[in-house]
1. Under 19 Å from Gly138 (Cβ atoms), surrounded by 15 or more Cβ atoms within 10 Å (Cβ to Cβ) and either of a type outside the set (A, V, I, L, M, F, W, C) or away from the ligand (no atom under 11 Å from the Cβ) (or both): does that describe Val188?
2. Just to verify a result, which residue in the stretch 78-89, among those that are more than 6 Å from the ligand (Cβ to nearest atom) and outside any loop (DSSP other than H, G, I, E, B), is farthest from the chain's Cα centre (by Cα)?
3. Out of the residues in the stretch 47-72 meeting the condition of being assigned to a loop (DSSP other than H, G, I, E, B) and out of contact with any Asp or Glu (no Cβ under 9 Å at 6 or more places or on another chain), tell me which one is farthest from the ligand (Cβ to nearest atom).
4. Can Ala50 be described as open to solvent by 10 Å² or more (accessible area, probe 1.4 Å), more than 16 Å from the chain's Cα centre (by Cα) and over 30 Å from Glu215 (Cβ atoms)?
5. Tell me the residue from Arg120, Arg125, Arg220 that is among the basic types (Lys, Arg) and under 17 Å from the mean Cα position of the chain (by Cα), please.
6. For the stretch 140-149, state whether one or more residues are modelled with pLDDT of 95 or more and more than 22 Å from Asp105 (Cα to Cα).
7. Quick one: Glu44 ticks every box in (1) surrounded by fewer than 19 Cβ atoms within 10 Å (Cβ to Cβ); (2) within 12 Å of the ligand (Cβ to nearest atom); (3) at negative phi bar one, so which box is it?
8. Among the residues of the stretch 128-147, what is the count of those that are touching a residue at least 60 places away in the same chain (Cβ under 8 Å), under 16 Å from the mean Cα position of the chain (by Cα) and more than 17 Å from Met73 (Cβ to Cβ)?
Amino acid sequence: MKWINPYRGRREDMVLEQLAGRGVHDPRVLEAMKSVPREAFVPEELRDSAYADQPLPIGEGQTISQPYIIALMAEALGLRGDEKVLEIGTGSGYAAAVLAHLARDVHTIERLAALAGHARETLRRLGYDTVHVVEGDGSVGLPGVAPYDAIVVTAEAPVIPPSLRAQLKPGGRLVIPVSEGPDDQVLVRLTSRDGAREKLEKLCPVRFVPLIGSEGWPARGHGRR
Ligand code: SAM
């Protein structure tokens, strides 16, 4: 008997209602979001909620982001398929899997060893062999593999880390949530330009866990969390 994946219909509904219905237009992004099994990246007891319009806990006090935000960030990177991408904040590995459908190579860094190990194993099991998971402080980027066509940060920084700016290729895009005060964050896109000024755009208000590291928040004492 043919096995029918019970999650596929929910995934297609999620793409139509939560993404296309809310203004995500890039057909490659919508296709990528249709292809990645989000249920494989959440704890087993939360699989039934995998396609709900919300972040979900993944352990270690961290979350897998809301599908809409992941699609919005992927769209803002303007990927065409031949790029080298850096993601800061691997978490479950889900966003890295989405990026793997949109770019040539994805390097992703996670500061918590348990999450990095778990994400690496999930991505390997699903066959995402163009995603490279590294454990470490991503607030300083990954200089050994730089420069990047695109960098995406899935944790909130106090300011745009200078190391990430420096690791972008000319014309490269950096998408990052940045603090705008104790309770406010804004998603920002910085486009680097060869020999000219960078372009900085504010995209929308967001809510992310903190980017903890030498060019992020200190591990303790960042006050509000
Ligand atoms: N992209 C993830 C996904 O698809 O599941 C969600 C990421 S979660 C909202 C943010 C992640 O950033 C957390 O796993 C957290 O441990 C990680 N993080 C925070 N500061 C970091 C840093 N300096 N370097 C690398 N990862 C960091």
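1. In short, yes.
2. Among them, the one singled out is Lys84.
3. By that ranking, first place goes to Ala52.
4. It is false that Ala50 is open to solvent by 10 Å² or more (accessible area, probe 1.4 Å), more than 16 Å from the chain's Cα centre (by Cα) and over 30 Å from Glu215 (Cβ atoms).
5. Step by step, each of Arg120, Arg125, Arg220 is checked, and only Arg120 is among the basic types (Lys, Arg) and under 17 Å from the mean Cα position of the chain (by Cα).
6. no
7. The one condition Glu44 does not meet is (2).
8. The total comes to 2.
The values are calculated or read from the model by the stated rules, or taken from the named source; none is laboratory data. Only a predicted model underlies this, so the values are computations on that prediction, with no experimental measurement involved. With ideal geometry, Cβ positions are generated from the backbone for all residues, glycine too; neighbour counts draw on all protein chains shown. Surface accessibility is based on the protein's heavy atoms, side chains included, excluding ligands, DNA and RNA. Shrake-Rupley method; radii C 1.70, N 1.55, O 1.52, S 1.80 Å.
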